[in-house]
Each structure stands twice: as structure tokens, then as C-alpha cells.
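The values are calculated or read from the model by the stated rules, or taken from the named source; none is laboratory data. None of the values given here were measured: they were computed from a predicted structure. Here the Cβ positions follow ideal geometry from the backbone for every residue, glycine too, while neighbour counts run over all protein chains shown.
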């Protein structure tokens, strides 16, 4: 294997047998044997996966629930065995798929630190040296002699994380760790990831949270239904991922519908969804307002990481609320946003524009064409001049 | 061998054994003492019923110690196999989330049974002194005999733990087998009590029967009926050892084959 490759995956397939009725008693095994009926179906979880992760790379794996990303991670970690294909791992790998694996609720925090350390490959002596730092980092000095079952979930996660970051192997595998903890804990996670990036560690991060992947990973693999949808720079993967996942019709399941809306949005049409910077965005909002009470309209734009980019409503713009029972409203704006995908949310509001009546998220998406490399959210008209 | 006993593996084994010990008697007042009290209490019951009431083993010298040694060895076998049986499934949480050498789980659960056995051996020594048992030169064989029991129990543990992942019936079946084994092994009765020589031979084909009899013969009294006497030195007396070695090889192969899929089958 070439030296600068950390993990090489070649044509890996993995399927699980899903029994219709789980055969874990000998009686049912015998019955099934006589019936000559194989009462399971084969579910192919991963199909022909091949990719390489270079040393020092921060590699992301994204995909929706059930896309096979956790299975892939477990294959990389050597927990599962592939049906066919090969996985080469060059170097030592920390097999932590989850925080706090092996934690025993009946043991004290102290005992759990040593047990968890042993799972990471640290001897008792090594752990004793690190013990104080771990406890301090977890901010749990007063609780170490209490049983773990008396810890809050936040305390458990903090302890687990403090031990996990001691792992000093060449390749680290992380699954959804970002999903836990409060804001300050997440910040600690981010700091740790940044530290890993600086140290040029090889890290595989699996998440369905595109913003975390975008933030840290150099490259990413997008899995959909067990197949490789795309491998490439994170930005491209992020666009594809969000495009695929927010492509829901207006009355689709993801839209929030307010209870008994007085005024409903029936349809939102875009004249054009792919725009250049500075082009006009035109959205036509069809509405029904059966009670004929005065209403306002609002529109918001969100970035791919959920960042709020723009929002306005008819009240802010000094328009009178409308009492029409049915109609269409056109929204026009000059788009001065950096290239990327943006999601549109529209709402009907009461006559003072203080309360949403029908709030529809992700009614459409617009793409600002990639004509420039500028970063951020807002596109400012700008120039450079050497003085 | 060096690969198997790497620093990481040793640490892991010692931490798992430590955890096992700490968790086993969690919340009980007497704690570790129970690992001694359990076989002792069983001994007291059997002693009262069989020795005092039924007058079993009246013609065997030091019968109480003889009985206790049998119980301790059987108890070790029982403890080790039942603990290992559920150990893979019991650690399912770990196995599904982290890659550790799976034999370590079986090995560490066997070690805690070994520690218990050693503690119980101390009790036996105390009993031997109280009972004024003469120290026999053949006692040096005892460690070898206990090793045989250990290997036998380990081989079965490998089979049982791997099978238990797929078929939970194994737990109940093994319970019945142990129950039957307890009576089919000359633990609470002397083997000589069985009139038929053929039956004696059949019973002694069981490695546990052979080992317990040999252990008694070598440590307590040469009056014990052992394979060597029953088979009159014939090759049949080696059958129990052959059984143990075959089971060990089979157990290792089976466990290795099955362990690849533990994580997804648990």
C-alpha cells in the first residue's frame, strides 16, 4: 500500500440477513429447516463502495438515516466483516464509534475512566498519569467517587469525551459525536477537531449534519441507499446533499403547517431558481384567505448550514395588509448573496405582522451560480486597489 | 503468542476482570465473601443430607474434605461455563461499538472464575489441616488436573458463548446439562457406590468425573477410585483427555468462525 494512504476501501459489499421472524431458538430453526423455507430477506446495506482516505485528511461521510454510513464506519473499524471487497488500514486506528462505550453505570466515575482507558489501549500506569487532567477537563472533580448511574447525561458525555480525546493513534473514527452536549460542550468538540486538523491527524467523521461536515472536512463521501453518490470536495458534496434532501413538495411531510391556518399558502413559484449574483429573484406566492381578514406576507432565506441570510415582510416594507380572499403576490429581490444553495421560507402573518399564520419552511431553493470564489453570506460589491 | 499478550490486551484483560469482580457482588453486604460462602453452604447441605443422614462415604477417610474438593471443582466448572455462556451477549454493547479481540472477553470471564477457585483452594487447605489430612506427594499433580478442568471448561465456554449469540435456548439447555452432570459425576457419592463396573467406566469417560476423582486421589486419599484402576491401565483411560483436546480445537475454530459476525448477530 502506498505510504500516504491511510485507509483504502476496495469494492466493499455488505448485506444483512433480516429474518422475518427472528430465529434465535432451536425450535424455530428446526421448523424452518424442515419447511425448507428461508424466512429472511437479504438487505444490501452497502453496494460496491471504493474510496481512499489520505493520511492527514479530515474525511466526512454524510448520508440520511439508513443510508449505510454507520455500517461503513463499523466496517472501517473492523467491527463488521465485509461480504466481499477489502479494507486496508495503514496505521493504528482508534475504534471509537461512540462516546462512553463500555461505561458501566454501577462503577464509580474513577473506575470507568480506567476501564474506558483500557479500551483505548492505555495501561493503568499511563492512565494514572493522565487521570487528573481528564477529570479537570471534564470538570467533574467532585464526582469521581460517585457511581456513574448518578451522573447526569451531560456529565457522562463530558467524562467520555475527556477520555476519548486522549486517544493518540494515527487514525480516528468519530460518529455523530457532535449531536450531544450543550453549546459550550459543542464548542469544546469543535476546538478539539480544529486541534486535530492542525496536527494533521487522519479523521473520519460521520454525520447527517452537513454543517459540521462542511466546517471540518476536506473531502466527503455522500452515501445514498448504500451507494456512493459522490466523493469530492466537501462544498460540492454539501450542495448535492442538501439539494437531494430538501427537494420536498410544498405539501410534503417536512413542511410545518400551523394549526387551523386562517390564511394558507397554496403554491410558491419561482420564475428562475438558478441565478447569478445581482440577478432578480422572483417568487410568486399564491394564497387563500377564506376569512378575508387582513394579512401580511413574509419571506426568508436560509443558507445550507441553516444560517439565516435574509428576511422581510410586507409590513416592514410599508404595505397595507390585504383582505383579498384569494390571490397571488410577487416578491422581487436583487440577490446579493455569495454562490451556494439557499432555502426559501414563506409565511402569512396577522395584520400587525407579529404572528405567523401559515409558516412554510423550504418551499423552494435557489442556487446562486458559482461565478466567483468569494466566501461568507452576503455578496458586497467590492474592489481592490493598491494605494 | 506475543501478539496475543500485547500490552493493550493485558491491560484490557486486567480491567475487565477487575470490573467483573467489582460488579459481581455489587450491593451485597458480604461482597466477595459470597464466592467462598456459596460452595461452603452447598457443602454443608450435602454433608448433612448425605454424610450424616444417609451415611454415604463412611468407608472413605476424610470424606468431608473429599466431598468439599469435589464440590469446589464442580463449582468452578459450573461458574466458568455459565459466566462465559452469557459473556459475549452480555458485552454486546461493547462488541457492537468497538473492536476488541473477542477471545479476551471469554478469557477474562474465565480468569475471574480461576481467582474464585484459588480462593476456594485456600478454604480446602484449611479444611485439610482441620481434618488432619496427611500431605501426599502426589499433590504436585493437582495443578495439572485443575489445568485440565480449566481447558475443558474453556473449550465448552467457547462453544457455548458463540452458540448463545444465535440460539438463546443454549442457556436453558446448558442449565439442564449441568444439573444432570452434577448427578452423573461422582461428586456427592463415592464412585465405588455404583455396583456395575461398566457403569463406572462409562462415568469415568466424562472428563469432569475423571478429573475430580484424580484430584481427590492425588490430594486427599489414595482410596479414591480413579480411571487408572477402573480401566486397569488400558488406553480407554486417555479418552477424557482426548475429549478435552478435541473440544478445545473445535471450540477455537468454531469461535473464530462465528466471532466475525458477533457484532451483527447479537
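Looking at A:327, A:306, can you tell me which residue is surrounded by fewer than 17 Cβ atoms within 10 Å (Cβ to Cβ) and at pLDDT below 85?
When all the criteria are applied, what remains is A:306.
Would you check if residue A:97 is modelled with pLDDT under 90 and either assigned to a helix (DSSP H, G or I) or crowded, with 18+ Cβ neighbours inside 10 Å (or both)?
Yes, satisfied.
Select from the range A:101-123 the residues that are within 17 Å of residue A:136 (Cα to Cα) and either within 8 Å of chain B (Cβ to nearest Cβ) or crowded, with 20+ Cβ neighbours inside 10 Å (or both) and write down the one among them that is nearest to the chain's Cα centre (by Cα).
Among those that are within 17 Å of residue A:136 (Cα to Cα) and either within 8 Å of chain B (Cβ to nearest Cβ) or crowded, with 20+ Cβ neighbours inside 10 Å (or both), it is A:116.
Among A:387, A:319, which is surrounded by fewer than 16 Cβ atoms within 10 Å (Cβ to Cβ), over 22 Å from residue A:275 (Cα atoms), free of Cβ contacts under 8 Å to residues at least 24 places away in the same chain and not assigned by TED's automatic domain parsing to the domain that holds residue A:294?
On inspection, the qualifying residue turns out to be A:387.
Kindly establish whether residue A:196 is out of contact with any helix residue (DSSP H, G or I) (no Cβ under 8 Å at 6 or more places or on another chain), in contact (Cβ under 8 Å) with a residue 40 or more places away in the chain and outside any helix (DSSP H, G or I).
In short, no.
Is the range B:182-200 home to any residue that is part of a helix (DSSP H, G or I), at pLDDT 90 or above, under 30 Å from residue A:26 (Cα atoms) and touching a helix residue (DSSP H, G or I) at 6+ places or on another chain (Cβ under 9 Å)?
Yes, the conditions are met somewhere in the range B:182-200.
Suppose we filter the range B:175-206 for residues that are buried (at least 21 other Cβ atoms within 10 Å of the Cβ) and within 14 Å of chain A (Cβ to nearest Cβ); how many remain?
Within the range B:175-206, residues that are buried (at least 21 other Cβ atoms within 10 Å of the Cβ) and within 14 Å of chain A (Cβ to nearest Cβ) number 0.
How many residues are under 22 Å from residue A:167 (Cα atoms), over 15 Å from the mean Cα position of the chain (by Cα) and away from chain B (no Cβ under 14 Å) when one looks only at the range A:52-78?
6
Picking from B:14, B:28, which residue would you name as being farther than 30 Å from residue A:120 by Cα and within 14 Å of chain A (Cβ to nearest Cβ)? Quick ask: steps written out before the conclusion?
Numbers: B:14 fails: farther than 30 Å from residue A:120 by Cα.
Residue meeting the stated conditions: B:28.
Does residue B:91 satisfy the criteria of being over 14 Å from the mean Cα position of the chain (by Cα), within 14 Å of another protein chain (Cβ to nearest Cβ), within 25 Å of residue B:174 (Cα to Cα) and free of Cβ contacts under 8 Å to residues at least 24 places away in the same chain?
Spelling it out, residue B:91 is indeed over 14 Å from the mean Cα position of the chain (by Cα), within 14 Å of another protein chain (Cβ to nearest Cβ), within 25 Å of residue B:174 (Cα to Cα) and free of Cβ contacts under 8 Å to residues at least 24 places away in the same chain.
Among (1) surrounded by 21 or more Cβ atoms within 10 Å (Cβ to Cβ); (2) within 14 Å of chain B (Cβ to nearest Cβ); (3) closer than 18 Å to residue B:97 by Cβ, which single condition is residue A:81 missing?
All conditions pass for residue A:81, except number (1).
Based on what the data block shows, is residue B:84 touching a helix residue (DSSP H, G or I) at 6+ places or on another chain (Cβ under 8 Å), away from every other protein chain (no Cβ under 14 Å) and under 17 Å from residue B:166 (Cα atoms)?
It is true that residue B:84 is touching a helix residue (DSSP H, G or I) at 6+ places or on another chain (Cβ under 8 Å), away from every other protein chain (no Cβ under 14 Å) and under 17 Å from residue B:166 (Cα atoms).
Conditions tested, residue by residue: (1) at pLDDT below 90; (2) closer than 19 Å to residue A:174 by Cα; (3) in the same structural domain as residue A:205 (by TED's automatic domain parsing).
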position: A:9; (1), (2), (3): no, yes, yes
position: A:12; (1), (2), (3): no, no, yes
position: A:16; (1), (2), (3): yes, no, yes
position: A:33; (1), (2), (3): yes, no, yes
position: A:51; (1), (2), (3): no, yes, yes
position: A:72; (1), (2), (3): no, yes, yes
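I'd like the residue in the range A:125-171 that is outside any helix (DSSP H, G or I) and touching a helix residue (DSSP H, G or I) at 6+ places or on another chain (Cβ under 7 Å) and, out of all such residues, is surrounded by the fewest Cβ atoms within 10 Å (Cβ to Cβ). Can you show your working first?
So in the range A:125-171, the residues outside any helix (DSSP H, G or I) come out as A:139-140, A:144-147, A:151-152, A:165-171.
Checking which are touching a helix residue (DSSP H, G or I) at 6+ places or on another chain (Cβ under 7 Å) leaves us with A:139-140, A:144-146, A:151, A:165-166.
Details: A:139: 12, A:140: 19, A:144: 17, A:145: 9, A:146: 14, A:151: 19, A:165: 17, A:166: 17.
Here the residue is A:145.
Could you go through the range B:153-160 and let me know if any residue there is buried (at least 19 other Cβ atoms within 10 Å of the Cβ) and either without any contact (Cβ under 8 Å) to a residue 24 or more places away in the chain or farther than 23 Å from residue B:106 by Cβ (or both). I'd like the intermediate steps shown before the answer.
Looking only at the range B:153-160, we keep the residues that are buried (at least 19 other Cβ atoms within 10 Å of the Cβ), and these are B:153-160.
Those still in the list that are either without any contact (Cβ under 8 Å) to a residue 24 or more places away in the chain or farther than 23 Å from residue B:106 by Cβ (or both) too: none.
No, there is no match, as no residue in the range B:153-160 is buried (at least 19 other Cβ atoms within 10 Å of the Cβ) and either without any contact (Cβ under 8 Å) to a residue 24 or more places away in the chain or farther than 23 Å from residue B:106 by Cβ (or both).
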